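Reviewing the structure listed below.
The values are calculated or read from the model by the stated rules, or taken from the named source; none is laboratory data. Since this is a predicted model, take the numbers as computed values, not measurements. Glycine also receives a Cβ, built like all others from the backbone with ideal geometry; neighbour counts cover every protein chain displayed.
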Amino acid sequence: MAHHRGLGSDSKREQFRRYLEKAGVVDSLTCVLVALYEQADRPNNALEFVKQHLGASGPTCEDTEALQREVIDLRQRCTRLTEENKDLKARVNLNK
């Protein structure tokens, strides 16, 4: 990690930390890092993932969570439909 100069005293660091918290930066970074952590397939470029998810027009944490739930639901539905399709094909083949 790079070492940054200019943040000499602890009080300045604390002021800066409070500033970041007040501005919502800490929450946004936390949300993006949690989203990255929860990715089943980790992206090759983690920095690009963070950049995309920090964009002003990007999805919110709630949007991301809702989409992740939808993906899980759709995968489960796909599995059920695949099994149903296999069963129906087997029935059709038995009736021939």
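Please verify whether region 51-64 includes one or more residues that are exposed (fewer than 10 other Cβ atoms within 10 Å of the Cβ) and either among the aromatic types (Phe, Trp, Tyr) or in contact (Cβ under 8 Å) with a residue 12 or more places away in the chain (or both).
Initial filter on region 51-64 (exposed (fewer than 10 other Cβ atoms within 10 Å of the Cβ)): 55-57, 62.
From what is left, the residues that are either among the aromatic types (Phe, Trp, Tyr) or in contact (Cβ under 8 Å) with a residue 12 or more places away in the chain (or both) are none.
No.
Taking the options THR30, THR64, name whichever one is out of contact with any Lys or Arg (no Cβ under 9 Å at 6 or more places or on another chain) and in the same structural domain as LEU20 (by TED's automatic domain parsing).
None of the others qualify; the one that does is THR30.
Select, from ARG75, ARG5, the only residue that is modelled with pLDDT under 90 and over 16 Å from the mean Cα position of the chain (by Cα). Working first, answer last.
Numbers: ARG75 fails: modelled with pLDDT under 90.
Criteria check complete, one pass: ARG5.
Would you please list the contacts, defined by Cβ atoms under 8 Å and residues six or more apart or on different chains, that run from a residue in region 24-39 that is modelled with pLDDT of 90 or more and surrounded by 11 or more Cβ atoms within 10 Å (Cβ to Cβ) to a residue that is assigned to a loop (DSSP other than H, G, I, E, B) and of a type outside the set (Val, Ile, Thr)?
Going by the 8 Å Cβ cut-off, the qualifying pairs are LEU36/ARG42; LEU36/PRO43.
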